[in-house]
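Participant: Here's a structure for you.
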Amino acid sequence: MNRKREREQHLVDELKELELFDDIDESDVVRYEKKFKSNTENVIGRNAVVSVGSIFATTDSEEAKKVNHIFLNSVKHKNARATNQGMSGRCWLFAGLNIFRHNIMKALNLENFEFSQTYLFFWDKLERANSYIHLFIDGVEGVDSIDGISNGEVSVEGGDLNFDYYAETFLSDGGFWSMFCNLVDKYGVVPKSAMPETFQSGDSDDMNYIIENILHGCVNKIYKLRRKKNGEIRKFRNETTRQRHRNKLLALKDETLQQVYNTLVKFLGEPPKKFTWSYINDDDEKSAVLKGLRPQTFSNLVLDKMVLADDFVVLCNIPNPKYPYYQKYEVAGMNNVIGGTNHTMINVPIYELKKYARNSILAGMPVWFAGDVTKGFHPYMSSLDTKLINSDSVFGKPRKMNRTDRVLFRNQVANHAMVLTGINVKSRGGIDGWQVENSWGYWEKNTPGLDGYLCMSDDWFNEYMTEVVIHKQFFAKSRNMLRAINSESIKVKPWSAISRATMVRGIKPPREYVNRFLKPSSTK
C-alpha cells in the first residue's frame, strides 16, 4: 500500500512540475502578465478594445467594403418599416407575422402595415400558463414513452430533467414556430391598431416575473396535493373520490388562470373581440373603413384561410449521428396550446435549407428563419457575416469547432428569429447575399443599412443558419422531401440537442451598445 501511495504521489508531483495539475497561484499571474506585455499586438489590441469596444476594434475594413444592402430580388415593400420587439424576447412572433405583411401592403398599396404582436403575446402567455399547470395535474402530454419519464409524471425532486427544463424554459418569451402556428390557428390575427404595443409588451421582464410567481405557487400547491406525506402519488380506488380530487386541482387551476388573465390585461390590455380597421391607399389616397371585424374573420381575409400548422414545413440542419437526415422529429411536451401541434422539423443538409429558401423568395414568399446572431452580427453595418468581424486578429484563434461540436456544447443555438426577404444571385447561380428583415427597430427608414434590414453573407447562412420555414407547395416535385414530410415523426425530449438548438430563446437587441454611437430617429 505504501508503494502504491508513493507512486500516486510521484505522479502528482510530476504533473505539478509540468503545470498540468495545479491551481492558479501568484507566479502564474506574473507569468501571464509578462507574456501579455511582451507582445506589442496585445497592448495595441487592449487599447483599441478599451477605447471603442470589440466590434469596432475587430472590424475588417477590407471586408466592410463588400457589404451590400441593395437587393435585386426582394419581396420587401418599398415603404415597409422594420418592426420593433423592444426589450422582449418575442422575435419568433414578430418574424411569424412579418412573413405575411408585405403581401398585404402590396395588395392594398399601403404605406406601412403591422399585425398586432401584443395580441398573440397575450394569448401565448395565457395558454402557456394553462399548459404549464396541466404538466403537474396530468403529467407531460405525449412523452410517456420517452426514457427518463415515468407515466408522464413531473417530479420536482433534484435531478429531474423534466422539472428543471420546464421551470427554466417553458415560461420564457422564447418559442418554436409551432407555437406561433397554434396561436394564429386558434385566435387569428388583428392589425396593430386593434391592440397596440404597451410599455410592458416591449419590456416584459416585470410581467414575466409576476406571472411566474403566480404559476409556481399554484403548481407547488398541486404537487403537494397529489402526494402523500411519504412523497408517493395518491392512489384512489374509488372513481368518485378520484374525480373529486381532480376537480379540486382543476378549480385551483381555474382560480390561478383568472389571476394570470387579470395580470395580462393590466400589462398588455384586453384582446379585442371586434374591431374597426381603417387604411389609406398610398397611390390615390382613397381610404376604407371595415367595421365589426372579428380576429378570425380578419385572419381568414388576410391569410387566405391558411392553417399554418398544416401549410408550412420546418427544415433544420443539426448534423449529428443521433439525428439522421431526411427524418422528421417531434418535440413532445413543449406545446403552448393544449390540443395544438407539437413542434416538428425535418433534419436535412444545409444546402436543402438554402435551396428552398431561395425558391420561396424568388416566388415572392418571405421565409421565417432562426439562427445564432451572437456569431458574426455587426450592429453598425447591419450585417451577418463570418469575415467582417475578425476577432482572431485581436483575441487569438480559438480551437476549431464544427457545427456538430457547437450544437453539442450549446455554443450554437437558435437565439433569434427573423425573416429572409431578398436575395442576390450570381451569374452562375450562386448566392451573393441575403436580405433579412429584423425586428429591432430602425434608425433611418429610407437608408439601406439603417432601415432595420440586414444583409447576410452566404457563408453566414452555411455556418449559423439553424432552421427555415417553407410553404409545403415548394416540395411538390421532391419525392425525397415528400417522403420525409409524410413519415412518422420520432419524438425527442424537450432538452435533447435538436430541441435546444431549434427553440428560439428570444435574445434581446443590443440597444444600449448601439446607442452609444447611433441615435435612432425612430424605433417604431
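Participant: Which trypsin sites (Lys or Arg not before Pro) in region 452-484 sit in a loop by DSSP (not H, G, I, E or B) and have at most 15 other Cβ atoms within 10 Å of their own Cβ?
Facilitator: Counting only loop positions with at most 15 other Cβ atoms within 10 Å, the trypsin sites (Lys or Arg not before Pro) in region 452-484 are LYS477.
Participant: Compare the Cα positions of ALA80, ALA194, LEU420 along the charge dipole of the chain (+1 at Cβ of Lys, Arg; -1 at Cβ of Asp, Glu; about the Cα centre) and return the one farthest towards the positive end.
Facilitator: ALA194
Participant: Would you please name the trypsin sites (Lys or Arg not before Pro) within region 301-397 that are DSSP coil residues with at most 15 other C-beta atoms within 10 Å of their C-beta?
Facilitator: Here the trypsin sites (Lys or Arg not before Pro) that fit, given the DSSP loop and packing criteria, are LYS305, LYS322, LYS387.
Participant: Output the peptides 493-502, 37-46 sorted from most to least packed, where packing is the average of other Cβ atoms within 10 Å over each peptide's residues.
Facilitator: Per-residue Cβ counts within 10 Å, averaged per peptide and sorted highest first, yield 493-502, 37-46.
Participant: Which listed residue (VAL314, MET334, LEU301) has the Cα farthest towards the positive end of the charge dipole for region 291-344, taking +1 on Lys and Arg C-beta and -1 on Asp and Glu C-beta about the Cα centre?
Facilitator: About the Cα centre, the residue reaching furthest to the positive side is LEU301.
Participant: Still on this structure, please answer the following. Would you kindly work out the equivalent ellipsoid of the chain from its C-alpha gyration tensor and give its semi-axes, the square roots of five times the eigenvalues, largest first in whole Å?
Facilitator: They are 39, 37, 23 Å, listed largest first.
Participant: May I ask you to give the average projected area over all directions of the convex hull of the Cα atoms of region 447-486, in nm² rounded to one decimal?
Facilitator: 4.6 nm²
Participant: I'd like to check one number: the per residue accessible area of region 316-444, probe 1.4 Å, reported in Å² as a whole number.
Facilitator: 40 Å²
Participant: Can I ask one more? Take region 246-304, drop everything but the C-alpha atoms, weight them equally and run the Debye formula without solvent; then report log10 I(q)/I(0) at 0.14, 0.17 Å⁻¹ to two decimals.
Facilitator: -0.66, -0.79
Participant: With a cut-off of 8 Å between alpha carbons and a minimum separation of six or more residues, what is the relative contact order of the chain in percent?
Facilitator: 23 percent
Participant: If I model a spin label as a point 7 Å beyond the Cα along the Cα-Cβ vector, how far apart are those points for ARG410 and GLU33 in nm?
Facilitator: Inter-label distance under the simple model: 3.4 nm.
Participant: Here's another thing I want to ask about it. How large, in Å, is region 205-290 by the Kirkwood hydrodynamic radius built from its alpha-carbon pairs?
Facilitator: After inverting the mean inverse Cα-Cα distance, the result is 17.0 Å.
Participant: Over region 317-396, what per residue volume does the convex hull of the Cα atoms give, in whole Å³?
Facilitator: Considering the Cα atoms of region 317-396, their hull volume per residue is 194 Å³.
The values are calculated or read from the model by the stated rules, or taken from the named source; none is laboratory data. It should be emphasised that the depicted structure is a prediction, and the values quoted were computed from it without experimental measurement. Don't worry about glycine lacking a Cβ; one is built from the backbone with ideal geometry, like all the others, and counts go over all protein chains shown. Note: areas computed on protein heavy atoms with side chains; ligands, DNA, RNA excluded. Shrake-Rupley method; radii C 1.70, N 1.55, O 1.52, S 1.80 Å.
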